[in-house]
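The values are calculated or read from the model by the stated rules, or taken from the named source; none is laboratory data. Bear in mind that the values here come from a model prediction, so they are computed numbers and not experimental data. Cβ placement follows ideal geometry from the backbone for every residue including glycine, while neighbour counts extend to all protein chains displayed.
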Amino acid sequence: MKKLLVFGRRGQLGTALHTFGQSHEQFEIRVLGRPDVDLTDSRSVAALIDTENPDGIINAAAYTAVDDAEQDEENAFRLNATAPHWLAKCAKKRNIPLIHVSTDYVFDGNSETPYRPNDDIAPINTYGRTKLAGEWGCLGTHPDKTYVVRTSWVYSEWGSNFVKTMLKLGETRTELAVVHDQVGSPTYAADLAQACLDMMSQILDGVVDAPGIYHFSNAGTCSWFEFAQEIFKSSESMNLSETTSEKFPRPAKRPQFSKLDVTKFEETFSITTRPWQNALDECLKNLTKIITT
Ligand SMILES: NC(=O)c1ccc[n+]([C@@H]2O[C@H](COP(=O)([O-])OP(=O)(O)OC[C@H]3O[C@@H](n4cnc5c(N)ncnc54)[C@H](OP(=O)(O)O)[C@@H]3O)[C@@H](O)[C@H]2O)c1
């Protein structure tokens with residue numbers, strides 16, 4: 001059985017990977033978090049990778065607090081740029097594949113068509129700049145076996161995310177105004193986790209040998225307002241209204257359009273992404289189970 005080492009244990013993607021790892025037929029999946037290792041401590045990371053002796057690495061850890069990063073660039077850079085660079089060095093030393101997860105926020109959001117992996121990058125906030133530096137660090141260090149997977153609008157049953165925030169607000173409010181001028185694609189963390197495992201499987205089996213940048217999200221596009229409409233579609237008591245980013249200012253600017261074109265991912269790995277509404281239904285059902293058990 002091949003062994004995968006995953007970083008980001010308590011994060012959304014890390015938790016999804018851990019869940020799949022409980023009963024995976026092909027991989028032993030070891031998911032590590034901060035109690036095991038601080039990714040910014042390069043020596044400990046290198047020693048741990050030597051001890052674990054994995055066949056592949058997935059980096060699901062990141063500094064994801066987009067607004068905080070504006071005031072905390074040093075720490076964001078350390079985790080989003082320096083640490084992946086170091087992981088790539090370790091992966092190169094062992095000649096094993098690295099899947100490094102990145103973001104739609106490497107784009108400025110001015111496109112009118114979905115972003116393809118080779119489209120011009122121009123991040124408009126600190127988080128996006130640090131993540132872009134991470135992509136470069138990995139691809140520059142270990143170009144033969146690095147797969148950068150950019151994703152967008154990640155949500156899950158775990159951690160904090162838009163879906164859970166909306167549901168929480170829905171417990172006490174009957175009216176909500178939600179931004180309608182930012183458009184993108186929601187990504188269910190479980191689908192992203194499955195995509196990373198399918199990729200790793202095909203890479204390790206030699207079916208695919210095409211390192212580089214890929215885009216992954218669920219299929220379809222929506223605004224945050226439309227995302228909220230879908231979340232509350234079965235709730236009669238919630239009244240949603242549209243608002244604008246201007247009326248809802250935040251420390252970090254967000255791209256207004258960040259739909260990712262997933263064609264390269266689908267064609268290279270022969271995988272079809274499912275509609276975001278179907279993935280959301282599954283997450284909402286799982287959340288209901290968690291609440292009622
Ligand atoms: N969330 C989104 O909407 C979104 C959108 C686009 C791209 N992405 C990308 O998708 C990936 C997964 O995101 P996510 O939402 O699953 O992230 P997340 O839930 O915020 O989890 C991030 C993980 O990073 C870990 N971490 C933080 N500092 C660390 C350190 N010094 N050493 C080791 N681990 C550390 C955290 O560990 P602790 O649990 O110990 O805090 C946490 O497990 C990231 O690369 C992110 O940039 C996310």
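Tyr188 meets each of the listed conditions (1) within 14 Å of the ligand (Cβ to nearest atom); (2) surrounded by fewer than 19 Cβ atoms within 10 Å (Cβ to Cβ) apart from (2). In a residue-by-residue description of segment 75-84, the property of being assigned to a strand (DSSP E or B) and within 13 Å of the ligand (Cβ to nearest atom) applies to no position.
Is it the case, given these coordinates, that Asp120 is surrounded by fewer than 17 Cβ atoms within 10 Å (Cβ to Cβ) and either within 13 Å of the ligand (Cβ to nearest atom) or under 18 Å from the mean Cα position of the chain (by Cα) (or both)? No; evaluated as a whole, the condition is false for this residue. Of the residues Thr130, Thr165, the single one that is assigned to a helix (DSSP H, G or I), surrounded by fewer than 16 Cβ atoms within 10 Å (Cβ to Cβ) and β-branched (Val, Ile, Thr) is Thr165.
For segment 168-185, which positions are hydrophobic (A, V, I, L, M, F, W, C) and either buried (at least 18 other Cβ atoms within 10 Å of the Cβ) or under 18 Å from the mean Cα position of the chain (by Cα) (or both)? Residues satisfying the conditions are Val178, Val179, Val183.
From the list Leu48, Leu39, the one residue that fits, being in contact with a Leu (Cβ under 8 Å, 6 or more places away or on another chain) and part of a helix (DSSP H, G or I), is Leu48. Just one residue in the set Ser23, Ser42 is without any contact (Cβ under 8 Å) to a residue 40 or more places away in the chain and not charged (D, E, K, R); that residue is Ser23. Go through the residues of segment 264-281 one by one and say whether even a single one is in contact with a Pro (Cβ under 6 Å, 6 or more places away or on another chain), at pLDDT 95 or above and part of a helix (DSSP H, G or I). Among the residues of segment 264-281, at least one is in contact with a Pro (Cβ under 6 Å, 6 or more places away or on another chain), at pLDDT 95 or above and part of a helix (DSSP H, G or I), which makes the answer yes. For segment 97-113, filtering for residues that are within 15 Å of the ligand (Cβ to nearest atom) and closer than 21 Å to Val66 by Cβ leaves 9. Of everything in segment 1-26 that's more than 14 Å from the ligand (Cβ to nearest atom) and modelled with pLDDT of 95 or more, which residue is surrounded by the most Cβ atoms within 10 Å (Cβ to Cβ)? My answer is Leu4.
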